[in-house]
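Taking it in order: structure first as structure tokens, then the write-up.
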């Protein structure tokens, strides 16, 4: 009762102002002026929850609970400004309430006695809610970002983010380390599935939608406050993290100015323009300099050139890694000086207080100025005020968040998964092709046939997502979803390859009409997800070969966090489906697709490679297409970017272009196209618009995505899509590193159609 009383006391007089006011700024300045160096250094410190819980770090006592003495030390001795994440696994929402109220209670009690005139500076809690409220038991899980990208539907991405924010805030957590705005250019990279794919424009559009969903009406205004149903977004990982030369996590990237500005910067610039409040810094290095120690990137580029005014946080142990991984600092003290002077605001330490004590020493020695601390602490305090944490640190005490984990939220997860699932092959003239009729006898095999971890992926109840005990037993596996949807006989066999299991499976498969092979990559992320090539493992290869050897029609479903090679089998299957990692509601979506209840509409947000050695993206250069005979045949992916089939026969027709002279002297072009549905089933179709500059001062790409739109096309009807191409859309990064517009002729590609536009000298 004491906790509730103290916390509720803070809730009196909640500031509902929608705009940043002089009063709010004065409050921050007043707090800042009363802070000691020790308190400022504490505000810049972020520790892991393990540090304040009963037990040892990474070996906490179950059930996890706060150790009052450890918490007291964090608050009173080190003045910690932020705490993050979970103790290794998801918690029930009531447990989160206990943790969050306990932290604010300790902070409030101390500061009422000893601290600032305001009496309360809240602790900021952050979490990795990557594809839904994944660290809350029962929280709604959506497809991973890569699957969401396959929807080509910003409204679905926004709604998934809104729901994630709602459930995260219902647990008492106001800050989410999401979205990932890295561009997935190298499919071997372990965090490929966390991206919105390989295209900068697609990443920009969907990143903006996600941020808007997280932050709500806050929108593009860096002032004002975020309400109790939304969270602060954190764009990550700035900049070039996914561009590692080796394709391995946290390894060096060597990127030209053109690459940085053309490929890796746009998604972050779009997010900044949308009002993203925080940013997490790239753990790796670019051109020999760790990003955490590079003021040219963190100050000159991020702050001055791109206009970011929010708070910058490090990634896990990345200041320490300046010493033991990057070797640009002789000791931790030097590393702290490098990172703070380079522009970081908050350090994800995360397991001790060395950063805090060393930063205090550095200020007293004059190696870091107190003015530099003031910059960062001002940003931190402003963020806490924008989140209304000063007046309303635990809104769940007065708001029950009745919609959390609701059936409506689950339906959104199913709808998102349905629009993500991508039909890659469907040989309609063969037995077993899709959609199936109800009553078909199905034999389901493969490692992902009856195991949720392959559907959920990493960041699902645990970091790597492999511990099955934290899965919700009420959620359906693929086998269970098909059994529920189908009146025919559905059996499960050969989930783990062995000769003995294969013999048993052969008997089970005898009475089946079709074999559904579900191959899943073991969930992983970050360094544990590093791989040497894109081939499937031996067991998975043996499983698909066995299925094909039975003589039964085979449908292959891929539960992947990145594309794994299927060149040896794809043309032997009646159908191939890319399901990505659709989340724990994704198998219901898959069943709806298989039985034709839903018409597939997903499209690949990346280029699916045919071979390990040819990992070109769709927007490659002309010289990369040359084969040994100097013909343009070398680019030969398994399936191209933007590819995805429908059960309907969709025909693109009647492309039209009209030039418009704008009042400001610029030009634009209205481009339209029609999509005709010759099928008996309604369809959704994402129409993608590409540009190609025929001649340019910097070698042009074969094509670049500049717009897209997704609409429903009714059966036996035609839908018109309209786009506006501005001069700005035709700019590219020139040799001087600046965006330029040159006269010339541009090809505009839409489906199998094309038109041209011209900019005259």
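Each value in this text was obtained by applying a stated rule to the coordinates, not by laboratory testing. Everything quoted here is computed from the prediction, not taken from an experiment. FYI the Cβ positions are ideal-geometry reconstructions off the backbone, even for glycines, and counts take in every protein chain you see.
Numerical summary
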{"read-out": "Percent of C-alpha pairs per 5 Å bin, region 333-461, short to long", "value": "2, 7, 9, 10, 10, 9, 9, 9, 8, 8, 7, 6, 4, 2, 1, 0"}
{"read-out": "Sequence of 418, 674, 758 once ranked by neighbouring C-beta atoms within 10 Å, starting from the fewest", "value": "758, 674, 418"}
{"read-out": "Pairwise centroid distance, computed over Cα atoms, of region 579-632 with region 59-98, Å", "value": "42 Å"}
{"read-out": "Ascending count of other beta-carbon atoms within 10 Å, so fewest first, for 540, 225, 361", "value": "361, 540, 225"}
{"read-out": "Pairwise label distance in nanometres, residue 661 with residue 623, each label 7 Å out on the Cα-Cβ vector", "value": "4.0 nm"}
{"read-out": "Spatial extent of the chain: Rg and Dmax, with the Cα atoms as the point set, Å", "value": "26.7, 80"}
{"read-out": "For region 43-145, convex hull of alpha carbons as volume per residue, Å³", "value": "110 Å³"}
{"read-out": "Region 615-658 - convex hull of alpha carbons, volume per residue in Å³", "value": "156 Å³"}
{"read-out": "Among 283-296, 376-389, 654-667, the order from most to least packed when residues are scored by Cβ within 10 Å on average", "value": "376-389, 283-296, 654-667"}
{"read-out": "Over region 161-220, relative contact order from alpha-carbon pairs under 8 Å, at least 6 apart, %", "value": "40 percent"}
{"read-out": "Mean residue ellipticity (222 nm) of the chain, computed from DSSP H runs ≥ 4 via -39,500 (n - 2.57), nearest 500", "value": "-8000 deg cm²/dmol"}
{"read-out": "Approximate shape of region 421-594 as ellipsoid semi-axes (Cα gyration tensor, √5λ), whole Å, largest first", "value": "24, 18, 16"}
{"read-out": "Angle in degrees between helix 22-34 and the longest Cα principal axis of the chain, rounded to the nearest 10", "value": "60 degrees"}
{"read-out": "Intensity falloff of region 280-369 expressed as log10 I(q)/I(0), Debye formula with alpha-carbon point scatterers, at q = 0.13, 0.22 Å⁻¹", "value": "-0.38, -1.09"}
{"read-out": "Which of 185, 564 has the fewest Cβ neighbours within 10 Å, and the rest in rising order", "value": "564, 185"}
{"read-out": "Relative contact order computed over region 638-753 (Cα-Cα under 8 Å; 6+ residues apart), in percent", "value": "28 percent"}
{"read-out": "Virtual paramagnetic centre 7 Å along Cα→Cβ of residue 258, amide N under 16 Å, in region 277-292", "value": "none"}
{"read-out": "Within region 2-394, percent of DSSP bridges classed antiparallel, to nearest 5", "value": "20 percent"}
{"read-out": "Förster radius 41 Å - calculated FRET efficiency between residue 430 and residue 300, Cβ distance, rounded to 0.05", "value": "0.10"}
{"read-out": "Inter-centroid distance (Cα atoms) of region 116-188 relative to region 277-303, Å", "value": "23 Å"}
{"read-out": "Region 656-761, Rg to Rh (Cα coordinates; Rh as Kirkwood inverse mean 1/r)", "value": "1.05"}
{"read-out": "Overall Cα dimensions of region 217-338, principal axis frame, Å, largest first", "value": "44, 33, 26"}
{"read-out": "Calculated FRET efficiency for the pair residue 680/residue 331, C-beta based, R₀ 60 Å, to 0.05", "value": "0.25"}
{"read-out": "DSSP-defined antiparallel bridges as percent of all bridges, the chain, nearest 5", "value": "60 percent"}
{"read-out": "Contact order normalised by residue count of the chain, Cα under 8 Å, 6+ apart, percent", "value": "13 percent"}
{"read-out": "Helix 538-549 axis, angle to the chain major axis (alpha carbon atoms, nearest 10°)", "value": "30 degrees"}
{"read-out": "Order by protection proxy (mean Cβ within 10 Å, highest first), peptides 153-162, 572-581", "value": "572-581, 153-162"}
{"read-out": "Rg over Rh [alpha-carbon atoms, Kirkwood Rh] for region 2-394", "value": "0.94"}
{"read-out": "Using alpha-carbon coordinates, inclination of helix 354-365 to the longest axis of the chain, degrees", "value": "50 degrees"}
{"read-out": "Cα pair count fraction exceeding 19 Å, expressed as % - region 649-713", "value": "52 percent"}
{"read-out": "Region 692-715 versus region 409-450: alpha-carbon centroid distance in Å", "value": "30 Å"}
